[in-house]
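Chemist: Sending over a structure as structure tokens; questions will come in a sec.
The values are calculated or read from the model by the stated rules, or taken from the named source; none is laboratory data. Since this is a predicted model, take the numbers as computed values, not measurements. Heads up, the Cβs are rebuilt from the backbone with ideal geometry, glycines too, and the neighbour counts pull from every protein chain shown.
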Amino acid sequence: MSSPLPQAETPVFRYDAEAAPSIHARGVRKSYVGGDGTRLQVLDGVDLDVRAGELVSVIGQSGSGKSTLLHVLGALDQADEGEVTLGGKRLGSLREEALAELRSRSVGFVFQFHHLLREFSALENVMMPQLIAGVPEAKARDRARGLLDEVGLSARLDHKPSQLSGGEQQRVAVARALANRPLVLLADEPSGNLDPQTSDRLHDLLFQVCRVEGAAMVLVTHDLGLAARADRVLRLVGGRLENAGPAQVGAPAAGE
């Protein structure tokens, strides 16, 4: 079966640093009230621009707010203050129905938990976001088959999540995130449960989507080697993002 993505020896899409960003965040703040009633400031003035075809990795200590940042960028959670724009659309100006449509059509999520639909097969799980977006069933099936082949699951198309290992379920989740060719791809430790060889294949696929299909990608990871493959490496410290280039990626932040 042919690959669902165009093949090229070198990337065919390079981001333009002068282009309008697909992800634009300014002054984003988010806090939560802890069990003791104390307010915890998780994000404290985050600024971020990510352009089509650009891959940005975010590192930081556990509990620093990396997952919260992805939730806010992907319209799964609302910032207390600040502005987030995806593809030119300001999230704060959209009603819930419009936010749901934006998430469905323009954002691909790969988080630590698979959130697969237990009653559906792997193939049906990858078809589902396409069908919701109005893609014809035959076209959705072809795209799903191709993506599952890319992640090494061509022999498991009809298996339900309960019949798949944790790593296989994560691969289905990655394929599902790519199904609608998202404008924005948000990944939180996408290969945490996978063996090194499968992890490398998944990383290559995610990077290929970013480069070939022009997705703006934010990748949260504890894997410093993986983080260093990004165009930019940012560290979340004290609720704000700071540059951490490849030469500095392994260095501890102040106070760590």
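Chemist: Which of the residues spanning the range 78-132 are assigned to a helix (DSSP H, G or I) and hydrophobic (A, V, I, L, M, F, W, C)?
Modeler: Within the range 78-132, L91, A98, L99, A100, L102, A122, L123, V126, M127, M128, L131, I132 meet the criteria.
Chemist: Checking R240 against (1) modelled with pLDDT of 90 or more; (2) within 19 Å of F113 (Cβ to Cβ); (3) over 12 Å from the mean Cα position of the chain (by Cα): exactly one of these is not met. Which one?
Modeler: If we test R240 against (1) modelled with pLDDT of 90 or more; (2) within 19 Å of F113 (Cβ to Cβ); (3) over 12 Å from the mean Cα position of the chain (by Cα), just (2) comes out false.
Matching residues to (1) at pLDDT below 85; (2) touching an Asp or Glu at 6+ places or on another chain (Cβ under 8 Å); (3) surrounded by fewer than 18 Cβ atoms within 10 Å (Cβ to Cβ); (4) not in a loop (DSSP other than H, G, I, E, B):
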residue: D149; (1), (2), (3), (4): no, no, yes, yes
residue: D158; (1), (2), (3), (4): no, no, yes, no
residue: E168; (1), (2), (3), (4): no, no, no, yes
residue: A175; (1), (2), (3), (4): no, yes, no, yes
residue: L185; (1), (2), (3), (4): no, no, no, yes
residue: L205; (1), (2), (3), (4): yes, yes, no, yes
residue: V233; (1), (2), (3), (4): no, no, no, yes
residue: G245; (1), (2), (3), (4): yes, no, yes, no
residue: P252; (1), (2), (3), (4): yes, no, yes, no
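The rows are residues; the columns are (1) farther than 17 Å from A177 by Cβ; (2) surrounded by 15 or more Cβ atoms within 10 Å (Cβ to Cβ).
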{"position": "L76", "(1), (2)": "no, yes"}
{"position": "T85", "(1), (2)": "yes, yes"}
{"position": "L91", "(1), (2)": "yes, yes"}
{"position": "L94", "(1), (2)": "yes, yes"}
{"position": "R105", "(1), (2)": "no, yes"}
{"position": "F113", "(1), (2)": "no, no"}
{"position": "V135", "(1), (2)": "no, yes"}
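Quick grid of which residues meet (1) modelled with pLDDT under 90; (2) not in a strand (DSSP E or B):
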| residue | (1), (2) |
| --- | --- |
| P4 | yes, yes |
| Y15 | yes, yes |
| A19 | yes, yes |
| R26 | no, no |
| L43 | no, no |
| D49 | no, no |
| G63 | yes, yes |
| H71 | no, yes |
| L76 | no, yes |
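Chemist: Just one of (1) more than 17 Å from the chain's Cα centre (by Cα); (2) surrounded by 16 or more Cβ atoms within 10 Å (Cβ to Cβ); (3) at positive phi trips up N125, so point out which.
Modeler: Answer for N125: the failing condition is (3).
Chemist: Say we look at the range 207-228 and pick out the residues that are touching a Pro at 6+ places or on another chain (Cβ under 6 Å) and surrounded by 19 or more Cβ atoms within 10 Å (Cβ to Cβ); which of these is farthest from G108 (Cα to Cα)?
Modeler: Once the filter is applied, the top-ranked residue is R211.
Chemist: Does the range 90-109 contain any residue that is within 13 Å of the chain's Cα centre (by Cα), within 19 Å of A227 (Cα to Cα) and among the hydrophobic types (A, V, I, L, M, F, W, C)?
Modeler: yes
Chemist: Continuing with the same structure: Report, by residue number, each residue of the range 213-231 that is of a type in the set (A, V, I, L, M) and part of a helix (DSSP H, G or I).
Modeler: Result: L224, L226, A227.
Chemist: So, in the range 62-88, of the ones that are out of contact with any strand residue (DSSP E or B) (no Cβ under 8 Å at 6 or more places or on another chain) and polar (S, T, N, Q), which residue ends up nearest to L241 (Cα to Cα)?
Modeler: Top of the filtered list is S62.
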